[in-house]
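Single-structure report; data block below.
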Amino acid sequence: MNFEDFKLNHALLKALADEAYKTPTPIQEQSIPIVMKGKDLLGCAQTGTGKTAAFAVPILHLLAKNESKAGSKNIRALIVTPTRELAIQIDESFTAYGKYTGLRNTVVFGGVKQGQQTQKLRKGVDILIATPGRLLDLQQQGFINLRNLEIFVLDEADRMLDMGFIHDVKKIIKLLPQKRQTLLFSATMPNDIVKLAQSLLINPERVDITPAVSTADTVKQYVYFVDQKDKKAHLLYLLEKEEIGSVLVFTRTKYGADKLVKTLLKNNIKAEAIHGNKSQNARQRALSNFKDGKTRVLVATDIAARGIDVDGLSHVINFEIPNISETYVHRIGRTGRAGLNGKAISICSADEMEDWINIEKLVGHQIPELKNQSYPVSNPDEYDRTKVRPSKGKSKTSNQGRSKKPNWGKRRNARQSR
């Protein structure tokens, strides 16, 4: 199958050809026809699967199809996403795909002065990409009117909840017209997301791509068992030993990320941290430096990292093992993308063995162990998979995939009249 088979607008096909898009990814192949039919969609897909084009392409097609509304200053499509990094990337995609359609898009986000953003809004835009806080702020100031909205997209819904945006999301929903098309995308599908979807969607189609329990075949996974006191020295060893140009390193906490960056800088390794306590400008600068190759090591927490999309990233290192097993899959999914090969290396200490065993149970196989003779473990029994057992009652995985299928058909509300 290729993009021409969707019978898209010619202007769209020309732009997709410019981007060298020929064959749709699985989520694009399944989602684009659903959206083009005007149906609501619930999509479960990790980042890196082509999700943005899965909704951007059909949205542009639908809006360009209705020529009678061309040139109006009404916001016709709204995409809400949790972070500035994601918002910018989505806006860039809409710009690239829609450059021949005449449709106008812009992005608004917090952490910067609003002057340039409000100037574009005054001129009128068809498609608005926004983070929740800035969207509500500009709406309250009268710069944003959503009464004529046709399509609403809630992207990265699970991360939106993780970052505490649920109340902002509910406020945004109240601003939307009852008659609209709604698309919700989430990398995981815990009960809270299912409930949110039930409140938003009407008889939706559901698309599930690459469940979180699977890891890409293009990512080679390895683990080093290392005593906690030797972790930093082992990371420095890896950065010297491995043929690593740039690498994304994960820590559990913001404090841990900052502390690790200081260690790397002291050892003449260019590194920056990206996490929720950094300002928007600092986060964007760190990400840009990493993409441009100015920074060799980007140290990230899980909340900040899902918006990181770096072409050709060869290595991911888990400096600290996540205590939620699905998080491991999201982390290593930053490499081995678009058919390229990647390597995921984990550094696991004895106090993390319970978490590591749960990860191996989730992915369905034992991940090969590599040994570092310079830093042998002090007590091998602490790392013996046959002797370490997960603590009972300690939740190690999210409840993704465990929810009962919602009965969409029985729900009734005003939007069913559309």
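Name the single residue that is surrounded by the fewest Cβ atoms within 10 Å (Cβ to Cβ) among those in region 264-286 being aliphatic (A, V, I, L, M) and under 25 Å from residue 231 (Cβ atoms).
265
What are the residues in region 165-184 that are in a helix (DSSP H, G or I) and in contact with a helix residue (DSSP H, G or I) (Cβ under 8 Å, 6 or more places away or on another chain), if any? Spell out the reasoning first.
Here is the first cut: in region 165-184, the residues in a helix (DSSP H, G or I) are 166-175.
Within region 165-184, 166, 168, 169, 171, 172, 173, 175 meet the criteria.
If you go through region 81-88 one residue at a time, do you hit one that is farther than 24 Å from residue 285 by Cβ, open to solvent by less than 10 Å² (accessible area, probe 1.4 Å) and either touching a residue at least 40 places away in the same chain (Cβ under 8 Å) or of a type in the set (Ser, Thr, Tyr) (or both)?
no
Looking for something under 30 Å from residue 137 (Cβ atoms), in contact with a Lys or Arg (Cβ under 8 Å, 6 or more places away or on another chain), open to solvent by 20 Å² or more (accessible area, probe 1.4 Å) and assigned to a helix (DSSP H, G or I) - is there at least one such residue anywhere in region 196-218?
Within region 196-218, one or more residues are under 30 Å from residue 137 (Cβ atoms), in contact with a Lys or Arg (Cβ under 8 Å, 6 or more places away or on another chain), open to solvent by 20 Å² or more (accessible area, probe 1.4 Å) and assigned to a helix (DSSP H, G or I).
How many residues, within region 186-195, are surrounded by 21 or more Cβ atoms within 10 Å (Cβ to Cβ) and among the charged types (D, E, K, R)? Break it down into steps so the answer makes sense when it comes.
Here is the first cut: in region 186-195, the residues surrounded by 21 or more Cβ atoms within 10 Å (Cβ to Cβ) are 186-189, 193.
Keeping just the survivors that are among the charged types (D, E, K, R) gives none.
Result for region 186-195: 0.
Can you tell which of 183, 146, 154, 175 is open to solvent by 20 Å² or more (accessible area, probe 1.4 Å), touching a Leu at 6+ places or on another chain (Cβ under 6 Å) and either among the polar types (S, T, N, Q) or in contact (Cβ under 8 Å) with a residue 24 or more places away in the chain (or both)?
Only one candidate qualifies: 175.
Could you identify the single residue in 113, 123 that is under 29 Å from residue 300 (Cβ atoms) and more than 19 Å from the chain's Cα centre (by Cα)?
113
Restricting region 317-333 to residues that are touching an Asp or Glu at 6+ places or on another chain (Cβ under 8 Å) and assigned to a loop (DSSP other than H, G, I, E, B), which is modelled with the lowest pLDDT?
My answer is 323.
The values are calculated or read from the model by the stated rules, or taken from the named source; none is laboratory data. Nothing here was measured: the structure is a model prediction, and the numbers come from that model. Methodologically, a virtual Cβ is constructed for each residue, glycine included, from the backbone with ideal geometry; neighbour enumeration extends over all protein chains shown. The protein model used for the area step is the full one, side chains on, heavy atoms only, and it has no ligands, DNA or RNA in it. Shrake-Rupley method; radii C 1.70, N 1.55, O 1.52, S 1.80 Å.
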